[in-house]
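To start, the structure under review is shown below, and the notes come after it.
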There are 2 protein chains.
Amino acid sequence: MPNEGEDARLVTSEGHQRKRINPLPISSLKTGLCYDVRMRYHATVDAEDMHPEDPRRIYEIYKALCQAGLVDDPEFTGVKRKGDLMHRIDAREVSKEEAMLVHTPAHWDFLDKTQEADLEELQMLTMEGDSVYFNALSFFCSRLSCGGAIETCKAVMSGQVKNAIAVIRPPGHHAEPDQAMGFCLFNNVCVATKVLQRDFPSCKKVMILDWCGSLGNGTQTAFYDDPSVLYMSIHRYQGGNFYPVGPAGNLDYCGTGAAIGMNVNVPWENGGMGDGDYMFAFQQLIMPIALEFNPDLVIVSAGFDAAAGDALGGCYVTPGGYAHMTHMLMSLAGGKVVVCLEGGYNLQSISNSALAVAKVLMGEPPERMHQGNVASKSAVRVVHQCISYQSRFWRSLRSCAPIHATQLDFPEDVIRSYQSSQLSKKHRMFPLAILRDELSPSFENEVIATPEYYEKDTIVLLVHDPPLVTAQPDPHTNRIALHTAFLVDAGSMIVDWAVEKGFGLIDINIPLEITGDDENVYNATLSTEALCLYIWDNYIEPNDFKNVILMSIGQAQSGLTHLLVHRDCRERVRAIAEFLGENNPIKAVSSNIIDEYLPEWYYNHSLIFVSSEHDVWERTRKTKRKFGDLRRSAEAELVDVVRSAMGQVKEYMDEALAEE
Amino acid sequence: MPNEGEDARLVTSEGHQRKRINPLPISSLKTGLCYDVRMRYHATVDAEDMHPEDPRRIYEIYKALCQAGLVDDPEFTGVKRKGDLMHRIDAREVSKEEAMLVHTPAHWDFLDKTQEADLEELQMLTMEGDSVYFNALSFFCSRLSCGGAIETCKAVMSGQVKNAIAVIRPPGHHAEPDQAMGFCLFNNVCVATKVLQRDFPSCKKVMILDWCGSLGNGTQTAFYDDPSVLYMSIHRYQGGNFYPVGPAGNLDYCGTGAAIGMNVNVPWENGGMGDGDYMFAFQQLIMPIALEFNPDLVIVSAGFDAAAGDALGGCYVTPGGYAHMTHMLMSLAGGKVVVCLEGGYNLQSISNSALAVAKVLMGEPPERMHQGNVASKSAVRVVHQCISYQSRFWRSLRSCAPIHATQLDFPEDVIRSYQSSQLSKKHRMFPLAILRDELSPSFENEVIATPEYYEKDTIVLLVHDPPLVTAQPDPHTNRIALHTAFLVDAGSMIVDWAVEKGFGLIDINIPLEITGDDENVYNATLSTEALCLYIWDNYIEPNDFKNVILMSIGQAQSGLTHLLVHRDCRERVRAIAEFLGENNPIKAVSSNIIDEYLPEWYYNHSLIFVSSEHDVWERTRKTKRKFGDLRRSAEAELVDVVRSAMGQVKEYMDEALAEE
């Protein structure tokens, strides 16, 4: 590309050159449109069967383009107007020799035969095939569709149009080199890519962006070992249970040999993904990789089955969402973008989406996104996994990549042993023996108590999740050096308070996971409950404490509610304080209990501080009293919830004890 | 914005409405250009003084636009051609009442007076001012410049043009409400923003993106407490030492009151930033925030002093870089983008950059970025700090935000105490006493040895950096749960080997930081060196080992090279193996040594494995022998370097010992 400096000099130096220079060489071109009514001939032979890959799909999209005034067709506009704003590109049948660049001769012959097949044979083929149907014109239509994709790409690459959209069917991205499947006969985009690379020296590196709701398995296969083609697909994967079923759509399918890293899968864990999720994937993963790859041509496998309203896709991408993705892609390859229709089955959705895409291709700004661009937790998880995986192959991702673990160890034990050693130093706390087979041996060291706790009037039973380690990793290496790692230990605040007040305290740490053999059988909740009963029965009940105070931090709360339900503690329990983080379930006391007054008692004797981010605050209806006296903390993080509430909790405890 | 569905129905339902619908309402409009030759009258009174804010700046940009054929001016093109491709917007003087929306009456009067000032007074004002100069027409020009910005924004907001560029001077973003500074008299962009918000009900939320190389302090001040204006500035900060000097450009200046989070500073640590750094900031920070804010109008404070070639800015943004940033911004506000010239002093650079921006505004795709989009370490660090800071205010950043620490603890001690307890369990290793005042007390526990090490023939002295903790944080909460945190401990491999061979081993762990009082005085390198000498003198030298093996992991290597230089160990040291990570300096043995043979000996007795990512491999010239026998590991991570080399190291050691 000439730099403007020269550009300008060119003009001034030689006057006669002026006319030769088009100041806006690309934007002065039209956007191309490929549509051929004959592609509607491919249909099911069985009239009853309303197949989702319906001939009306392309017709509805074409109609929407006409009615929006982008193309001029009296059939829809009545009058003949000033003419098309889009440049028409004629489809034509793909030649066998072109198709052979991707497909096998056997595949061609198989489709060829469908032309002569009789009704019975066609029904048989449809039945035997993997989600494909055939009629006598399927072969012809699929050749038109494939040839249409080729001509559309050529029109863009040759500079006849600035960019283009091909409204074609049958779709192609599921078609394997040797097999028709998933409504696809020929792999239109793959064949077009191969032909363009062959015929245009300036078209070496092609990027295929597949935003169709399901993996383009055929495209992935065709270029899996081809470093000249970058295939990126965002699709519903669902642990391999979404079409095309199997592991091929997972993020570890990243190409092979010289093409390692040239296959990028973004496998959504489930349906329901929306604009925010797609924008996040584009900003964090797709565009950085695309800019680093720097393609000569961008082809979009544009299925619209992730569009809001599509039953099969089950996602919520709006026309505005597709418009924004298109706009971002237009910054690549000097604007050479070709959008080829793939799936998408809700006629209204695909028309609206395709129209929005066409307008952006033609220069309209994308619609504003009023619903915001915040990604769902699931999308964030998936995209980060992809970044962390692909960052081996793409330097531009390294700085975004989350941390990978290098070697295993058992830090829960590390921290707990340190924590208890600190507590034994500070308060001379010591471990209590846990002599029960059903309780994991790993619980040794998890239960510690203050010296002579059994001689005190008041005992505090504190049950908590393990402290967290948080740290600021080096953003470039994503490594955490130890001196930047911090222990987030809310429990110590409570221990300090109890000791200061002269209370006894038993501290139960509940590992989130137990390392070692019993890992697979360990269940934090069950263990918490069992442990709390065990401690009550063996270390509290037998001793004659006047007052018992129950406190919990995090999901360990379940231990206390379980205890209240299965032991009659109300005699001696004076007050309960619990702290819950954003993701901790809130347990109630009512479950399987005969005593009808327990919930009321629990409500009157508890103070439960819950993270400001907890879902419970979304609810409109007030929560029942059996959940205790819930208070919304101003803080989001569990440790901050505890810290900010301690003052109030101390007063509450003093009052509770004073009442005696 | 009407959705296409309705749009289409409108047409079909009522024929007569057809003509009323413009299918491409925005892209069918031209791009606006505001330029007024009279803005060149503002100049220094002192003819000798060639000030960088030179009247030719706007002229050169205008000339470039003409010569590229975007606007038609016979002065440059000779012939009158088909007319302007851009829509001309006339500048006019800002009214006092408009200026007062931002500036103080005193400020207006001050500038007003400059009109009557005589030469001497003007020279005085220029001398007294903070980088501003005045002549009799400065007031007039600055009013034109400000009025031009207003008219340009109005033309876009009223739909007269689709977007626009204002080639105006003097610039504005340094101008404070009550003070002219930094070549700026009136704050053009601020005044325009206020006027537009006043006159257009549809213009409530304005985003100002300032990519000028220095902070727009005036703009920051004007809207610091205004939640209706999002100000984002990417600038050279240099610890507050770059103009405008002071802390105001730092990332913690984020707005106040209801406007908290509405001021976003990206403070580059130094010059030399390029396209990759700006693209990274845009993808990771600017665009996510912008999409979440969803502005009604975007104004770019477009200084081009970060452009390659600008001496004051000292950065390397190319015209293509500005084009890509512009393209991204055009996806906002339904395309309503106004680019206002601010700084930029290399006439060639600003012309090329402004032309590239204008072409993208007019619909041309941005140039391809052949130099790739990989950000520098410094940029990554800064942008991540910004994300982590701003993520409190912007939900869309939470999922990208690096981890923040919540509460402090001393995990180095945690891990080391765990590590040594593990080693004492596994190999009955015990701590060696360190009885030297100058060595930090924290070194207790840092030096441990195998039982009866002193009775062995062969002793291994292993000095290493503390193991790293790495983990996969929850990408949504950015918290690390303990059961996902791992200890990366390369040393254990060596300990196991030594014990297995029946060697004695002394293990020295060098904390990267010492927690506690002496934190500020602690220096890892000095301590390493002192500690190695101390161990040699007290635990190795006095004992009669036949063979000594020296090994190091990480930057602790400096301890061994220091030892070799300051003690004559060659009698008994048979072999040396060292492992170095990407960022560990490689120490040589020659420093302050009389013995000329040491380097040679070191080279012949050492095997030094260095991370594949280490800078040393960039060098063309072979490194000197005094650095030892360097081997490039296939691995990048230190722990992998050790793991992959252990086999070779073991053989090497066997041979070295066999020679005796």
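The values are calculated or read from the model by the stated rules, or taken from the named source; none is laboratory data. Because the structure is predicted, anything quoted here is derived from the model rather than measured. So basically every Cβ, Gly included, is an ideal-geometry build from the backbone, and we count neighbours across all protein chains shown. Quick note on the areas: whole protein, heavy atoms, side chains included, nothing else; ligands and nucleic acids left out. Shrake-Rupley method; radii C 1.70, N 1.55, O 1.52, S 1.80 Å.
See the values below:
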| read-out | value |
| --- | --- |
| Between helix B:56-67 and chain B: long-axis angle, C-alpha atoms, 0 to 90°, nearest 10 | 80 |
| Region B:26-397: antiparallel DSSP beta bridges as a percent of all, rounded to 5 | 5 |
| Average other protein chain Cβ within 10 Å of Cβ, residues A:328-338 | 4 |
| Set A:K425/A:K587; A:K113/A:K336; B:K30/B:K154; B:K425/B:K587; A:K336/B:K63 screened for pairs whose C-alpha atoms are more than 25 Å apart | A:K425/A:K587; A:K113/A:K336; B:K425/B:K587; A:K336/B:K63 |
| Ranked by how many other beta carbons lie within 10 Å on average, peptides B:276-284, B:124-132, A:95-103, A:202-210 from highest | B:276-284, A:202-210, A:95-103, B:124-132 |
| For A:A106, inter-copy label distances in nm, listed shortest first [label point 7 Å out on the Cα-Cβ vector] | 8.9 |
| Cα long-axis angle, helix B:347-361 against chain B (0 to 90 degrees, to the nearest 10) | 80 |
| Order of exposure, largest accessible area first, which applies to A:Y316, A:Y322 with probe 1.4 Å | A:Y316, A:Y322 |
| Nearest-ten-degree value, helix A:188-199 long axis tilted from longest Cα axis of chain A | 60 |
| Exposure ranking of B:T219, B:T318 by accessible area [1.4 Å probe, largest first] | B:T318, B:T219 |
| Built amide H within the under 5 Å cut-off of B:G32, gap 5+ | B:H87, B:K162, B:N163, B:A164, B:I165 |
| Fraction of accessible area attributable to carbon and sulfur, chain A (%, probe 1.4 Å) | 51 |
| Peptides B:596-602, A:304-310 ordered by average Cβ neighbours within 10 Å, highest first | A:304-310, B:596-602 |
| Calculated diffusion of region B:569-627, Stokes-Einstein form, Kirkwood radius summed over Cα pairs, 25 °C and 0.890 mPa s, µm²/s | 195 |
| Loss of accessible area when B meets A, both sides summed, Å² nearest 100, probe 1.4 Å | 10400 |
| Heavy-atom accessible area per residue - chain A, 1.4 Å, Å² | 37 |
| A:D178, A:D489, ranked by accessible area, largest first (probe 1.4 Å) | A:D178, A:D489 |
| Cα centroid separation - region A:153-209 against region B:337-378, whole Å | 32 |
| Compactness of region A:26-397 - radius of gyration and Dmax, Cα, Å | 19.1, 58 |
| Shape box of region A:53-120 [Cα atoms, principal axes, largest first, Å] | 47, 31, 17 |
| Percentage, to the nearest whole number, of Cα pairs in region A:158-225 over 15 Å apart | 56 |
| For peptides B:237-247, A:56-66, sequence by mean Cβ density within 10 Å, most packed first | A:56-66, B:237-247 |
| Cα gyration tensor category, rounded, prolate or oblate, for region A:528-632 with a/c compared to 1.5 | prolate |
| Per-q log10 I(q)/I(0), chain B, q = 0.06, 0.10 Å⁻¹ (Debye; single scatterer per alpha-carbon; no solvent) | -0.50, -0.92 |
| Rounded, prolate or oblate (a/c below 1.5 giving rounded, otherwise prolate when a/b exceeds b/c) for region A:227-332 by Cα gyration tensor | oblate |
| Extent along principal axes [Cα atoms of the protein assembly as shown; Å; largest to smallest] | 99, 97, 82 |
| Averaged over B:25-33, number of beta-carbon atoms from partner chains that fall within 10 Å | 2 |
| Chain A, helix-only ellipticity at 222 nm - DSSP H runs n ≥ 4, -39,500 (n - 2.57), divided by all residues, nearest 500 | -10000 deg cm²/dmol |
| Other protein chain Cβ atoms within 10 Å, averaged over every residue that makes up A:280-288 | 4 |
| Position A:E541, label points 7 Å along Cα→Cβ, spacing to each other copy in nm (shortest first, one decimal) | 6.7 |
